[in-house]
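Right, one structure below, let's go through it.
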Amino acid sequence: MMSCLDDGRFHGELGNGLSSDGYASIEDAVKVLLQGLGEDTNREGIRKTPFRVAKALREGTRGYKQKVKDIVQDALFPEAGLDNKVGHAGGAGGLVIVRDLDHFSYCESCLLPFQVKCHVGYVPSGQRVLGLSKFSRVAGIFARRLQEPQHLADEICSALHQEIQPAGVAVVLQCTHVHFPDIELQILDPNHQGWLETIVSSGSGVFEDKQADDWADFLGLLRLRGTVMEKLKFRRSSDPYWCPSLSIKVSSAIEPANPGMVAAAAKIIKSLGEDPLRKELRETPRRFVEWFRNFQNKPDMKVSGFLCGRRDALSMNGEVDLNSKRVYAELGIPFWAQCEHHLLPFHGVVHIGYFILDGFKPIGRSHLQSIIHFYGFKLQVQERLTRQIAEAISPLLGGDVIVVAEASHTCMISRGIEKFGSNTSTIAVLGCFATEVTARASFLKTIPSPASPAGQ
């Protein structure tokens, strides 16, 4: 197996500190991307976005300037095996497993972060073992680079085998990537899964044979059996479409990728210490820009078009008689948006509550979805998105409305935060819902518990 430390994959390894123009170069490129969306880079809210993005990317790719040897060399400890030579244990043949090491990495196909849950097993030899904390640190070196799952697994496996010199190393990665929706649909598929999961493996030494007893022991202890076992890919590469950007449909309303924006994305890749001309990265700037431009600022679009002709018996003059109306809940309307602070997607569902007179039909779900879609597909923050939805639909729903948005934010698994499985809820109330505690409570009880992202 070729060593991942000297295969020439990465170029221009950075020094111990950031280069003098490392941040500035990325910040300039991010400004070009924002301007390509029609944004004012001096607008409050995105004025510091170029710096925040540069900081997150440099931190998230710090593995380019780290060496495995620096971590491992002082963490190998003597440990004798069994004295009677019957069986194996200790530092001469006993299987050691370190599981559930949580990391994130940046996808080399789209530049978005993805979650990594790493499991490592190895069979010591030479009567020496590696300090357990070092497995996570070694995995982190390679996770903090532009990656794809299979290559990441191979690099971790190769580096550990080279530095520890054991009888064998096994690595299993469970990787979870944000799953892009079909942008062409004004009505997003409610069954669309927000996360795409793949499981890959790599082995060296006694683990090179995937049918060996050592693999059976390793997987048995990981309890990766049944349906999960069937997902394991005992091969050299991931599915060609592991990253959704490789098969994503670009909205027909979006013009071909802007050359200036593509060049800016390539500049970011180069500033991270990578070669944008490397085969795996050659199309990455274009793919990133095509996804990014789906959130282009479109000031000429009018939400009023969604409301035309829809004001009906829900709009009432004078005081509202709550006894003659009931709370109606429209739950689980999916949405996607792009965080304007970090330029990373967040997605989830919107729940809408409003009063409806007995005998009248509720507003069509598709009309509400269209409004949510309009406000979602732009640079946003969740608090503002929730408020804008409430204000837009309030005239349509008689002025009394409650809106709850629940979302998973990609930025929460990266930027050093690494809060996997977190969920953010925001609420906006207008009209009677602002004062009627009973009405609010009645609606909130109808909201189901949020499902955890894949891999949690």
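The values are calculated or read from the model by the stated rules, or taken from the named source; none is laboratory data. Bear in mind the structure is a predicted one, so any value in this text is a computation, not a measurement. Using ideal geometry, Cβ is built from the backbone for each residue, glycine included, and neighbour counts are taken over all protein chains shown.
Taking region 124-151 as the search range and keeping residues that are within 13 Å of residue 171 (Cβ to Cβ) and of a type in the set (A, V, I, L, M), which one is surrounded by the fewest Cβ atoms within 10 Å (Cβ to Cβ)?
138
Restricting to region 44-67, name every residue that is out of contact with any Leu (no Cβ under 9 Å at 6 or more places or on another chain), part of a loop (DSSP other than H, G, I, E, B) and more than 13 Å from residue 28 (Cα to Cα).
44, 66
Given the structure, is residue 397 in contact (Cβ under 8 Å) with a residue 24 or more places away in the chain, over 28 Å from residue 36 (Cβ atoms), assigned by TED's automatic domain parsing to the domain that holds residue 351 and in contact with a Phe, Trp or Tyr (Cβ under 8 Å, 6 or more places away or on another chain)? Show your work before the answer.
Numbers: in contact (Cβ under 8 Å) with a residue 24 or more places away in the chain: yes; over 28 Å from residue 36 (Cβ atoms): yes; assigned by TED's automatic domain parsing to the domain that holds residue 351: yes; in contact with a Phe, Trp or Tyr (Cβ under 8 Å, 6 or more places away or on another chain): yes.
When the stated conditions are applied, residue 397 passes them.
Filter region 413-447 down to the residues that are within 32 Å of the chain's Cα centre (by Cα) and either at pLDDT below 90 or acidic (Asp, Glu) (or both) and list them by number.
413, 414, 415, 416, 417, 418, 419, 420, 421, 422, 423
Restricting attention to region 156-176, does a residue exist that is in contact with a strand residue (DSSP E or B) (Cβ under 9 Å, 6 or more places away or on another chain), farther than 28 Å from residue 277 by Cβ and of a type in the set (Ser, Thr, Tyr)?
yes
Considering (1) in a loop (DSSP other than H, G, I, E, B); (2) at pLDDT 95 or above, say which one residue 31 fails and leave the rest.
Among (1) in a loop (DSSP other than H, G, I, E, B); (2) at pLDDT 95 or above, the lone unmet condition for residue 31 is (1).
In region 201-219, how many residues are part of a loop (DSSP other than H, G, I, E, B) and either in contact (Cβ under 8 Å) with a residue 24 or more places away in the chain or at positive phi (or both)?
Going through region 201-219 one residue at a time, the tally reaches 4.
In region 135-156, what residues are of a type in the set (D, E, K, R) and either within 13 Å of residue 114 (Cβ to Cβ) or not in a helix (DSSP H, G or I) (or both)?
Listed by number, the residues that qualify are 144, 145, 148.
Just to verify a result, which residue in region 46-74, among those that are farther than 25 Å from residue 158 by Cα and surrounded by fewer than 14 Cβ atoms within 10 Å (Cβ to Cβ), is farthest from the chain's Cα centre (by Cα)?
47
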